[in-house]
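Shown next, in structure tokens, is the structure this report addresses.
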Amino acid sequence: MSLSIILLIIAPIFGIPLFLLPDNKIRIFSFSFITGFSLVVALIVLDIIYNQFAIRIAKGIYPAVGWFFNNNKELSINEKYRIIFSFVQILAFLLGTIISYVTFNTIYIGKNPSISKKNNQVLNAFWRVIMFFISYLPVCYFLICIRGLSSLSDGFMKPLFNLIYYIGA
Amino acid sequence: MDEDKKFYLLAEIAGWNCSNYSEEYGAKIQNSSAYRTLKYNIPEAEGVFTQDAKELIENYNNLDFNPSTIKECFLLEEKVNYLALHSDPRFYINPFSIVPNYIGSISSLGDLALSINGKDITINEIIFDDSITIEDKKKVVEEKVDYYLYDFEQLVSEAIGNAKSRTNQERKTQNKFFKRTILKFFLDIFLVTFLLFIFTFPNNLFFSNLYNNDYSKILTYVSYIYPIMCFITLIIDVSFYSYRARIYEPINYARRFLKKNSDLLFQSLKRQKEKLLDYIFGAIQTRIELINDLSDFSILSTSYVSLDKIVNIEKEVKKLKYRRLSDISTSLSYASLGVLILTMAVYFISLSINLVI
Amino acid sequence: MKYRYKKNSYSDIFQLAKVMYKDTSFFAKELKEEKLLSFISSLDKHKASEIEKISKLILPDDVLVFKATYILNPFISFRFANKEFKDYKELGLAMLISSPQIDNSLSQIVSYSLLSEHMLSTNYNEENQEEYERIVEYQKEGMNDLSYGYFLIAYYLSKKENIIFDHVEYPDLFSFVYYLYHSKYDKEELGQLLSHSAMLKAYSKFGKEKHKVDEFLHLNSELDKSEQDLKEFIKNFK
């Protein structure tokens, strides 16, 4: 069992709704995930723009969660900070998605599901694909970033993982 | 009704016990031509979305053929006669809520029945009846069309679960489902969180046991069963709730739409009513028989809301596929909760006593 | 001038009026003959002219004689078809005794509105306005349904609250049914008779167990109506 295989195994959890959810719901989820996804991207961008942004955030939180890392002798302190920041990102993603979902579910009306099917098949397919990627990718990103915590091997996608987030030997 | 039963009714009212005379009468009513007519007409009424059809079917299903008194025999027979009469589509069809591909025993608006001066008469008969003035004809037709509109508006309100019309029981069921959904959501989050926890928290006991695969330890089993259980639960929950969202989308869309745009829908209903009145009044003025036009004024499916899909939701929810998925989802939630508790217990006990159990 | 009838000789119309009801077939003919008319005319031209008018109408003998009686003598007690009633209550009782059938002779009182005519003639209506109006109302009912009007008047006048059937008065419905059950009558015939009985319908307005009888009649009429409506619909549309 490796992380690559796990990422493939969890793909159906994000893929099944693409085939079952109605178009209006796909839109609502897409808008919600966009919010969460944007928050994750924003945090990444902030970290790029402001040096040590992630480290500073993680340092502030470390006293509360440091006990988690007490027995971990393999990770450096920066790596631990990175992992904490990944948790912050995934939390931002979840909260952003949930809050947006509640909002959009209330305000978005959509189109009559009985008559709009034939008109916008291409657009609907587009939104389904978007929804898949903006929900699946942040989760993959998170798992890739925290892979240092577990003793699972990276698997065949190791080069890709290292490209996204390199963990020292 | 047998004539002697009339005598026994008086006797019963006077205080005599005549229940033995009522015992077999229920079966007699079931064999009567009125009941046979009613039974024959019911299947057609089941596909019609009007309050009258709904009440007809409800009353038919509630008929109790075990009267214990003569009075009950009378009431039962009267009810059967009344229902048999009103089981004819002329009495319950609403031209606004007829399905576009309706095939039944009537095919025209002219066949619909109205009541004038205590007598039931069809619209075509009214058109050609010279004993009624044109004003009276128009008045009675307008009253009937107003009733059709009212009935349709009731159907809309009921179909979309209008808060005013929803019964306490319906609200309770809805709230129960909502609470269950929230609980399941938190359970799934907790399952995933704990899964992440056990595979990331630096617990040498856990990881060494995982690699050694000591099958005499419970921890070995739970460390394999738990992730599999999480995965299956998530797949099933995601599938069920996506499928349910698909089924309920017509009603959810209608509710969202009508919260802000109910005026638009009801205005289009009023326009349709005016069209129907113009059509029938035109036929009255020119003495033209109405034929093959029964579904021309149906607004069951408009560009705004598709009520025909909404009223079919109940059928979908009763189907085996939905019920099976719902049951599996619920059972899995309980099972995964059990596995979660067991895993947490084994994990934390092992951690605290520093020994794999 | 005198008028001879049987062994008696009458010199005034008031006395004559008191006996006319005893032989209505004779007096109905006489009222159209010159002999009696000229006698009346000699004493009261106006009354003679009134009688002449009514004698031209096609009326049963009892009715014609009744009308003539009260033209001649407006204030005498109710006398009709060889029967004299000292008060209205006695009339009511006499009407009721034939129950569940109506007395054909006395039914004419209802169909020709003779009772209200008598009340007007005797000025009874002036002090008993409500009673008079009720009688008028019941007579009107009698125009639609003679038996019902008949029994309404019978019960109203007699002030009876019990069922009277076959000359017997029953203290309550329970004993009435008991009698019927053990009587010679066929149950089906009884059912048919009672469900449409005008007597019971009138009893449901005045009787002491009127609510029970009302319930019985109501259940029957509703059932009949539902059967009728269904039959008519099937006939017209199928």
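The figures follow:
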| quantity | calculated |
| --- | --- |
| Residues being of a type outside the set (D, E, K, R) and more than 7 Å from chain C (Cβ to nearest Cβ) - total across region B:1-24 | 7 |
| Filtered residue count, region B:207-246, keeping only those that are within 12 Å of chain A (Cβ to nearest Cβ), of a type outside the set (D, E, K, R) and touching a Leu at 6+ places or on another chain (Cβ under 7 Å) | 11 |
| Residue within region B:73-80 that is more than 14 Å from chain C (Cβ to nearest Cβ) and either within 22 Å of B:K39 (Cβ to Cβ) or in a loop (DSSP other than H, G, I, E, B) (or both) present | no |
| Residues of region B:53-88 classified as under 30 Å from B:L149 (Cβ atoms) and either outside the structural domain of B:E24 (by TED's automatic domain parsing) or modelled with pLDDT of 90 or more (or both), total | 18 |
| Residue, surrounded by the most Cβ atoms within 10 Å (Cβ to Cβ), within region A:49-77, restricted to residues that are within 14 Å of another protein chain (Cβ to nearest Cβ) and assigned to a loop (DSSP other than H, G, I, E, B) | A:L75 |
| Residue match in region C:150-157 (condition: within 14 Å of chain B (Cβ to nearest Cβ) and of a type in the set (A, V, I, L, M, F, W, C)) | no |
| Region A:78-99, residues that are in contact (Cβ under 8 Å) with a residue 60 or more places away in the chain and either within 14 Å of chain B (Cβ to nearest Cβ) or of a type in the set (D, E, K, R) (or both) | A:E79, A:R82, A:I83, A:S86, A:T97, A:I98 |
| Filter pass, B:L191 being at negative phi, in contact with a helix residue (DSSP H, G or I) (Cβ under 6 Å, 6 or more places away or on another chain) and either surrounded by 19 or more Cβ atoms within 10 Å (Cβ to Cβ) or modelled with pLDDT of 85 or more (or both) | yes |
| Those residues of region B:255-264 which are hydrophobic (A, V, I, L, M, F, W, C) and either surrounded by fewer than 19 Cβ atoms within 10 Å (Cβ to Cβ) or in contact with a helix residue (DSSP H, G or I) (Cβ under 6 Å, 6 or more places away or on another chain) (or both), in sequence order | B:L264 |
| Filter pass, B:K39 being among the basic types (K, R), part of a helix (DSSP H, G or I) and over 28 Å from the mean Cα position of the chain (by Cα) | no |
| Test result for C:S113, under 25 Å from C:L64 (Cβ atoms) and among the polar types (S, T, N, Q) | yes |
| Looking only at region C:30-48, and only at residues there that are free of Cβ contacts under 8 Å to residues at least 12 places away in the same chain and under 30 Å from the mean Cα position of the chain (by Cα), the one that is nearest to C:F85 (Cα to Cα) | C:E30 |
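Conditions (1) under 30 Å from B:Y35 (Cβ atoms); (2) within 12 Å of chain B (Cβ to nearest Cβ), marked per residue:
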{"site": "C:E133", "(1), (2)": "no, no"}
{"site": "C:D145", "(1), (2)": "no, no"}
{"site": "C:Y178", "(1), (2)": "no, yes"}
{"site": "C:E189", "(1), (2)": "yes, yes"}
{"site": "C:F206", "(1), (2)": "no, no"}
{"site": "C:E232", "(1), (2)": "yes, yes"}
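The values are calculated or read from the model by the stated rules, or taken from the named source; none is laboratory data. A quick note: this is a predicted structure, and the numbers were derived from the prediction, not measured. Cβ coordinates were reconstructed from backbone atoms using ideal geometry, including for glycine residues, and neighbour counts include every protein chain displayed.
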